[in-house]
Amino acid sequence: MTRLSVLGVAFGTGLAAGAGMLLLLRVISYRKAARRLSSLIPRESLDAWAEATEQKLEAAGVRFRGRFYTAGVTLAVLASLYVGLFVFRNFIAALLMATAAVLLPDQFILQRMESRKLKMLEQMATAVRIFAAEFTQTPQIGKALGEVAARVPDPLGAVFRSAYRDVSLGKALDDVLSDLMVRLDFGPGRMFVQLLMAARRDSSVAPLFGELVTRLAVQLELIRKNRSELYADRLLSWIMLFAMVPAYLAMRATVPETYEFLADTVAGRIVVALCFLSVIVWVVMDRLMGRVEV
């Protein structure tokens, strides 16, 4: 039993320590932390949650229906409660497992959204250069948008192709630019649309597009540096999360009494709870400190 206790406590403590790495490596702003922590609390009804989730999935470039996602998460929560209550007979672990079943898929979507926005930001520099070159030669916003739409790949290219198609179909330019402002929902994207609105009235603002390109280059350099520092932490955290089940199966195969220890002893139940608490701690810490503002 002593051997089982040592293995179990080491396993749970290791996961908790790994999840706390982000907290030890960075100094956080408490005001910013409190603001982001409040976003973790779900306040919508199930239908509103599904609709909001579908918008997130679309923004992340994940082709999956929001209602299917919601149903899948609901099933995962029910399965987690069943495993926690009836397999491990651990009420606290069941609640932690159910919470993790909600947070982990959402965490994946948020990271995909961040990566997609970064990709669009990288393409934005190219798009602004192309637009500026075309607009300088022929100061026509519609034609310059068409040049960008033809030369910039997805995901940003799809946004400009949609805008150019609307212009070609005779949609009011004000409405096109308003839609573009919504779809380019990041700082440089909104600045670009504001310059388009100004350029529509005064073509002499064309040199400002060059200044925007310079600003984009500086911002990209900073973001890439921050992401390179976060990448190793996130990769290690995901590996540790996916290693939990194989580690449990390996321990059970090596020490047949593992299940009895985890399910029937106080120390074992604490170990199980710590494992899933570490998952929640990691998600919270990553959202508080790991998000790169684009």
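Considering only the stretch 148-165, I want to know if a residue exists there that is crowded, with 18+ Cβ neighbours inside 10 Å, in contact with a Ser or Thr (Cβ under 6 Å, 6 or more places away or on another chain), in a helix (DSSP H, G or I) and not β-branched (Val, Ile, Thr). Looking for residues that are crowded, with 18+ Cβ neighbours inside 10 Å, in contact with a Ser or Thr (Cβ under 6 Å, 6 or more places away or on another chain), in a helix (DSSP H, G or I) and not β-branched (Val, Ile, Thr), one finds none in the stretch 148-165, hence no. Being surrounded by 16 or more Cβ atoms within 10 Å (Cβ to Cβ) and under 21 Å from Met113 (Cβ atoms), is that true of even one residue in the stretch 73-88? Yes.
Could you tell me whether Val182 is outside the structural domain of Ala267 (by TED's automatic domain parsing), in a helix (DSSP H, G or I), modelled with pLDDT of 95 or more and within 29 Å of the chain's Cα centre (by Cα)? So Val182 does not fit the description; no. Candidates Ser228, Ser237, Ser204: the one that is surrounded by 16 or more Cβ atoms within 10 Å (Cβ to Cβ) and at pLDDT below 90 is Ser237. Do we have Asp106 as farther than 30 Å from Ala267 by Cα, outside the structural domain of Ala198 (by TED's automatic domain parsing) and either modelled with pLDDT under 90 or surrounded by 15 or more Cβ atoms within 10 Å (Cβ to Cβ) (or both) here? It is true that Asp106 is farther than 30 Å from Ala267 by Cα, outside the structural domain of Ala198 (by TED's automatic domain parsing) and either modelled with pLDDT under 90 or surrounded by 15 or more Cβ atoms within 10 Å (Cβ to Cβ) (or both).
Restricting attention to the stretch 45-100, the residues that are over 21 Å from the mean Cα position of the chain (by Cα), over 29 Å from Leu274 (Cα atoms) and among the polar types (S, T, N, Q) total 1. Within the stretch 114-144, the set of residues being more than 21 Å from Ala217 (Cα to Cα) and touching a helix residue (DSSP H, G or I) at 6+ places or on another chain (Cβ under 8 Å) comprises Thr138, Pro139, Ile141, Gly142, Lys143, Ala144.
Yes/no per residue for (1) in a helix (DSSP H, G or I); (2) in contact (Cβ under 8 Å) with a residue 24 or more places away in the chain; (3) farther than 23 Å from Asp286 by Cβ:
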position	(1), (2), (3)
Gly210	yes, yes, yes
Lys225	yes, no, no
Leu230	yes, yes, no
Trp238	yes, no, no
Leu241	yes, yes, no
Val245	yes, no, no
Ala253	yes, no, yes
Tyr259	yes, no, yes
Ala273	yes, yes, no
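Please find, among Gln194, Gln219, the residue that is of a type in the set (S, T, N, Q), under 20 Å from Ile141 (Cβ atoms) and assigned to a helix (DSSP H, G or I).
None of the others qualify; the one that does is Gln194.
Step by step: first the residues of the stretch 112-132, then only those that are surrounded by fewer than 18 Cβ atoms within 10 Å (Cβ to Cβ) and either free of Cβ contacts under 8 Å to residues at least 12 places away in the same chain or under 25 Å from Arg287 (Cα atoms) (or both), then the one that is farthest from the chain's Cα centre (by Cα). Which residue is that? Only one residue tops the list, namely Glu122. Inclusion of Val62 among residues that are touching a residue at least 12 places away in the same chain (Cβ under 8 Å), within 30 Å of Leu222 (Cα to Cα) and buried (at least 19 other Cβ atoms within 10 Å of the Cβ) is not warranted.
Residues in the stretch 122-145: is at least one closer than 24 Å to Tyr231 by Cβ, in a helix (DSSP H, G or I) and not assigned by TED's automatic domain parsing to the domain that holds Leu216? Within the stretch 122-145, none of the residues are closer than 24 Å to Tyr231 by Cβ, in a helix (DSSP H, G or I) and not assigned by TED's automatic domain parsing to the domain that holds Leu216. Within the stretch 196-215, being among the charged types (D, E, K, R) and either within 34 Å of the chain's Cα centre (by Cα) or not assigned by TED's automatic domain parsing to the domain that holds Phe131 (or both) holds for Glu211, Arg215.
The values are calculated or read from the model by the stated rules, or taken from the named source; none is laboratory data. On a predicted model such as this, the values are computed, not experimentally measured, just so you know. All Cβ positions, glycine included, derive from the backbone under ideal geometry; neighbour counts span all protein chains shown.
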